[in-house]
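Report on one structure; see the data block that follows.
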Amino acid sequence: MMAATALLQVQAIHTFIGQFHILEGVTLNVPRDSITALLGRNGAGKTTTLRSIMGLVAPRSGRILFDGLEINGKPPYDIAALGVGYVPEHRAVFRDLSVEENLKIAERRKGDLARRSDLIFELFPDLKRFYHLPGGQLSGGQQQMLSIARALVPENQLLLIDEPSEGLAPVIIESIVDALRRLSTHTTVLLVEQNFKMAVALADQYYILDDGQSVATGQIAELANDQSLVSKYLGVA
């Protein structure tokens with residue numbers, strides 16, 4: 001995809017955590033109205049890339065542009081206000097708050113939840129059933145649904161989703177895949193996912209990171225048929 005069509009452009013960013021040089025020139029373009037998978041082995045820099053985009057860690061060099069606006073160096077709340085949602089790994093729901101309260105605190109403007117509730121409950125009907133149940137009493141799969149749903153309360157143009165299938169049973173993964181596939185008709189998604197089968201089922205294009213660098217990109221249907229590339233960088237037989 002040409003950079004001109006991209007909603008998000010990451011241009012040769014270098015990010016440090018303490019003294020450790022985690023990202024060493026990551027570059028990627030995320031086209032509008034698509035799902036882009038960010039792939040790589042554990043420790044390749046995928047989560048740090050999402051955190052750099054979201055402003056949770058600041059790249060020391062390089063550029064990040066969202067809808068043509070340079071956002072590197074901006075605080076996370078300003079990036080969120082532009083229309084970027086972040087779904088971190090490990091779900092991180094508020095366990096003592098109800099499903100309704102978990103969703104309500106994600107509002108940017110009064111009435112966001114009411115405006116978006118039809119979409120949220122269409123994608124995740126379990127959340128309507130357990131609307132008044134504390135988040136800590138939901139199953140792992142339902143907590144993941146709630147974590148994604150919180151990012152849908154504001155009308156975000158881009159969702160950064162980190163490892164949505166982690167720790168979930170195959171039948172729950174199937175329901176998450178179905179929801180994300182339908183969600184992609186409403187917003188653009190940059191997805192970090194270790195489950196290669198899930199990534200292939202969802203994504204349009206991919207980037208592979210290795211040791212903090214972008215090493216390969218293309219259409220994911222082509223990657224699924226490139227066993228040497230998959231084995232070399234993802235360790236998938």
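Listing for the model above:
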item: Unmet requirement for E100, which otherwise passes all of (1) over 25 Å from G235 (Cα atoms); (2) surrounded by 22 or more Cβ atoms within 10 Å (Cβ to Cβ); result: (2)
item: Residues of region 17-59 satisfying the condition of being in contact with a Leu (Cβ under 8 Å, 6 or more places away or on another chain), assigned to a strand (DSSP E or B) and farther than 25 Å from N156 by Cβ; result: none
item: Every residue from region 60-113 that is acidic (D, E) and modelled with pLDDT of 95 or more; result: D67, E70, D78, D96, E100, E101, E107, D112
item: From D226, D204, D211, residue being on the phi > 0 side of the Ramachandran plot and open to solvent by 30 Å² or more (accessible area, probe 1.4 Å); result: D211
item: Within region 123-136, considering residues that are more than 19 Å from the chain's Cα centre (by Cα) and touching a residue at least 40 places away in the same chain (Cβ under 8 Å), the one farthest from N156 (Cα to Cα); result: G136
item: Selection status of P164, in contact (Cβ under 8 Å) with a residue 60 or more places away in the chain, outside any strand (DSSP E or B), under 21 Å from G43 (Cα atoms) and touching a helix residue (DSSP H, G or I) at 6+ places or on another chain (Cβ under 8 Å); result: yes
item: Residue in region 189-196 that is assigned to a strand (DSSP E or B) and in contact with a Lys or Arg (Cβ under 9 Å, 6 or more places away or on another chain) present; result: yes
item: Leading residue by the ranking (farthest from L138 (Cα to Cα)) among those in region 58-80 that are touching a residue at least 24 places away in the same chain (Cβ under 8 Å) and touching a Pro at 6+ places or on another chain (Cβ under 9 Å); result: N72
item: Region 30-63, residues that are aliphatic (A, V, I, L, M), buried (at least 17 other Cβ atoms within 10 Å of the Cβ) and closer than 20 Å to G83 by Cβ; result: V30, I35, L38, L50, I53, M54
item: Segments classed as helices (runs of 4 or more DSSP H), wholly inside region 67-152, with at least 1 members that are of a type outside the set (A, V, I, L, M, F, W, C) and closer than 30 Å to V171 by Cα; result: 99-104, 112-123, 125-129, 140-152
item: Cβ-Cβ under 6 Å pairs, at least 6 apart or on other chains, region 196-214 side farther than 11 Å from R41 by Cα, far side in a loop (DSSP other than H, G, I, E, B) and hydroxyl-bearing (S, T, Y); result: M198/S165; D204/S34
item: Within region 162-181, considering residues that are within 15 Å of the chain's Cα centre (by Cα) and open to solvent by 70 Å² or more (accessible area, probe 1.4 Å), the one farthest from L119 (Cα to Cα); result: E166
item: Lone unmet requirement of (1) open to solvent by less than 40 Å² (accessible area, probe 1.4 Å); (2) of a type outside the set (D, E, K, R); (3) in contact with a helix residue (DSSP H, G or I) (Cβ under 6 Å, 6 or more places away or on another chain) for Q143; result: (3)
item: Within region 114-125, tally of residues that are touching a helix residue (DSSP H, G or I) at 6+ places or on another chain (Cβ under 6 Å) and surrounded by fewer than 19 Cβ atoms within 10 Å (Cβ to Cβ); result: 1
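Residue-by-condition table, conditions (1) among the β-branched types (V, I, T); (2) under 29 Å from A224 (Cα atoms); (3) modelled with pLDDT of 95 or more:
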{"position": "Q9", "(1), (2), (3)": "no, yes, yes"}
{"position": "E24", "(1), (2), (3)": "no, yes, yes"}
{"position": "L28", "(1), (2), (3)": "no, yes, yes"}
{"position": "I35", "(1), (2), (3)": "yes, yes, yes"}
{"position": "A44", "(1), (2), (3)": "no, yes, yes"}
{"position": "G55", "(1), (2), (3)": "no, no, yes"}
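The values are calculated or read from the model by the stated rules, or taken from the named source; none is laboratory data. These numbers were taken from a predicted model, which means no experiment stands behind them. Methodologically, a virtual Cβ is constructed for each residue, glycine included, from the backbone with ideal geometry; neighbour enumeration extends over all protein chains shown. Just the protein is used for accessible areas: all its heavy atoms, side chains included, with ligands, DNA and RNA removed. Shrake-Rupley method; radii C 1.70, N 1.55, O 1.52, S 1.80 Å.
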